[in-house]
Amino acid sequence: MLVIMKNDATENQVQAVIQQIEALGFRGVPIPGALRTAVCIVGNQGYVDDSQLLSLDGVKEALRVTKPYKLVSRETHPQQSIFTIGGVTIGGKTPVVMAGPCAIENEEQALTIARLVKKEGAQIYRGGAYKPRTSPYSFQGLGEDGLKILARVREATGMLIVTEATDFDNIELVEQYADIIQIGARNMQNYALLKRAGHTNKPILLKRGLAATIEELLMSAEYIMSEGNNRVILCERGIRTFADTTRNTLDISAIPSIREVSHLPVIIDPSHAAGRREYVIPLSRAAIAVGADGLIVEVHNDPPHSISDGKQSLYPEQFATLMKEIKGMSPKS
Ligand code: PEP
Ligand code: MN
């Protein structure tokens, strides 16, 4: 349920509503808007008796939220969420581009790729220091040494850094280095990690699980938001289907589907969706055409020798082409 305050409601009146919600055994999360504040009731399993709330000063009305996710829902927050992180806006008119290697391999590789993608207009640098790999024998990432390299990339290029926290134990370290913390597809339903991500002051890039529905993705975002972190960026990165010409199937309809029910920005990862660099540019065009708030793309200076995901990593020239092609496309409606 959403308690809508009157336009001229005072802070004390909002606090009184929150106290009353707590007295009922739930939690009240204030959502300030351009014109008025709403207080979202979370923690209830069903019907909430709103009679006492409606009698409080400053309360205009109480609305039922029909979705199982509350803070993520557009019913609760009708305006699109726009986050400005270190001068980069996500969720606004211009799509944001995050680019870089799958994994940080060494400082020279990381810096070379960073300079290349920055020159073409990428604003955010991606690169894993902790890698969730299918095989325990594959390269697992450089760990903290990789994070230190990422910090040097930021220092040298001014780009923001997005990198993955793969478990509850490394998120504390990752949050010290990253500008945006990625939670990967395999961890989309790692609830302990999601709750911990709700306690950081860094924005979270939450990737859709390999076999997760949109509602499950949004419920995972709700875990993060319900712990107090409102800055969640969603990412469609392809799902498992019977199609066998790509690594995963890019669910392009995830963009309008999410847009309809949630205010959170949503970006597309064409690299992990396709699994092949040949498809990354067309899928990126499709993503921008359908209104994505941005892309996260794997780029490598020497893809055949990349330690991970070389087949889906763009060559620098291909990344330059991608940037030119999407630049000419009309912005989101
Ligand atoms: C990644 O972005 O490096 C990654 C591992 O992606 P995903 O979690 O989508 O597989
Ligand atoms: Mn990868």
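Which residue out of G294, G328, G310 is more than 11 Å from R277 (Cβ to Cβ) and either open to solvent by less than 50 Å² (accessible area, probe 1.4 Å) or aliphatic (A, V, I, L, M) (or both)?
G294
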For the stretch 110-137, which positions are of a type in the set (S, T, Y) and under 19 Å from G294 (Cα atoms)? Y125
Pairing a residue in the stretch 198-218 that is outside the structural domain of D179 (by TED's automatic domain parsing) with any residue that is outside any strand (DSSP E or B), where Cβ atoms lie under 7 Å and the two sit 6 or more apart in sequence or on different chains, gives none
If you check every pair at least six apart or on different chains, which have Cβ atoms under 6 Å apart with a residue in the stretch 287-313 that is within 11 Å of ligand 2 (Cβ to nearest atom) first and a residue that is part of a helix (DSSP H, G or I) and polar (S, T, N, Q) second? V297/S271; E298/S271; E298/Q312; Q312/S271
Going through the stretch 231-256 one residue at a time, which ones are surrounded by fewer than 17 Cβ atoms within 10 Å (Cβ to Cβ) and more than 16 Å from ligand 1 (Cβ to nearest atom)? F242, A243, D244, T245, S253, P256
V266 is checked against (1) away from ligand 1 (no atom under 12 Å from the Cβ); (2) closer than 18 Å to I239 by Cβ; (3) surrounded by fewer than 23 Cβ atoms within 10 Å (Cβ to Cβ) and fails just one. What number does that condition carry? (3)
I'm checking my understanding of the structure. Among residues of the stretch 195-220 that are of a type in the set (S, T, N, Q) and open to solvent by less than 50 Å² (accessible area, probe 1.4 Å), which one is farthest from P256 (Cα to Cα)? T200
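A192: of a type in the set (A, V, I, L, M), crowded, with 18+ Cβ neighbours inside 10 Å and modelled with pLDDT of 95 or more, yes or no?
When the stated conditions are applied, A192 does not pass them.
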Restricting the search to the stretch 104-113, which residues are of a type in the set (A, V, I, L, M) and assigned to a loop (DSSP other than H, G, I, E, B)? I104
Taking the stated definitions as given, is S284 touching a Pro at 6+ places or on another chain (Cβ under 6 Å), polar (S, T, N, Q), in a helix (DSSP H, G or I) and closer than 22 Å to A114 by Cα? yes
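Quick check on my filter: what residues within the stretch 259-268 are over 11 Å from the mean Cα position of the chain (by Cα) and assigned to a loop (DSSP other than H, G, I, E, B)? Full working, then the answer.
From the stretch 259-268, those over 11 Å from the mean Cα position of the chain (by Cα) are 259-263; that's our starting set.
H263 - this is the single residue of the stretch 259-268 that is over 11 Å from the mean Cα position of the chain (by Cα) and assigned to a loop (DSSP other than H, G, I, E, B).
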Reported set for the stretch 139-168 where residues are open to solvent by 40 Å² or more (accessible area, probe 1.4 Å) and either under 19 Å from I267 (Cα atoms) or within 16 Å of ligand 2 (Cβ to nearest atom) (or both) is F139, Q140, L142
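The values are calculated or read from the model by the stated rules, or taken from the named source; none is laboratory data. Not measured: the values here are computed from a predicted model. Neighbour counts are summed over all protein chains in view; Cβ atoms, including those assigned to glycine, are modelled from backbone coordinates with ideal geometry. All accessible areas refer to the heavy atoms of the entire protein, side chains included, with ligands and DNA or RNA removed. Shrake-Rupley method; radii C 1.70, N 1.55, O 1.52, S 1.80 Å.
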